[in-house]
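> Sharing a structure here in structure tokens format.
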Amino acid sequence: MARFYIEGSKVIDANTGVEYLYSNLEPERIAAALNATEPDSNEPTTDAANEASWETARLSEAPHFTVTTTAGANGTVTPAGAVPVVADDVKVFVATPEPGYRVAAWQVDGGAAPDGAASGNTLTIGVGADRAVAVTFEVDA
């Protein structure tokens with residue numbers, strides 16, 4: 001599996017979740033150069049660097065915020081924990097209740113989820129600051 005992959009206008013490190021903005025090159029060439037790195041190094045090999053004109057890529061870490069997720073008893077939320085999200089992106093969270101349970105409520109920043117953000121097991125929110133997301137579960141009657 002490749003360490004770096006492309007999502008929209010970003011190159012993402014699959015190991016750390018850090019997202020990079022790119023300039024001057026197609027994202028496919030940047031990801032190819034990054035994936036051709038020496039083991040335990042973030043520097044691309046000479047051949048890969050030449051192939052992708054590495055010096056002109058000028059990757060920079062994209063500004064991001066952290067969404068901290070928690071799930072109550074009897075279920076999980078994905079992604080979980082401290083989730084880095086590029087500033088002003090939209091992030092989708094999915095709750096998975098244990099058998100016999102369902103989602104009771106989604107909370108965002110300590111209050112009810114914004115209107116239209118929650119739909120059953122899914123929550124979709126914009127991220128323009130650090131946020132907190134929580135989901136609780138109840139017995140499925």
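> On the given criteria, is A112 loosely packed, with under 13 Cβ neighbours inside 10 Å, in contact (Cβ under 8 Å) with a residue 40 or more places away in the chain and hydrophobic (A, V, I, L, M, F, W, C)? Don't jump to the end; show me each part of the working.
Details: loosely packed, with under 13 Cβ neighbours inside 10 Å: yes; in contact (Cβ under 8 Å) with a residue 40 or more places away in the chain: no; hydrophobic (A, V, I, L, M, F, W, C): yes.
No; evaluated as a whole, the condition is false for this residue.
> Report yes if A134 is among the small types (G, A, S), at pLDDT 90 or above and assigned to a loop (DSSP other than H, G, I, E, B), otherwise no.
No: the conditions fail for A134.
The values are calculated or read from the model by the stated rules, or taken from the named source; none is laboratory data. Please read these numbers as outputs of a predicted model, since none were measured by experiment. All Cβ positions, glycine included, derive from the backbone under ideal geometry; neighbour counts span all protein chains shown.
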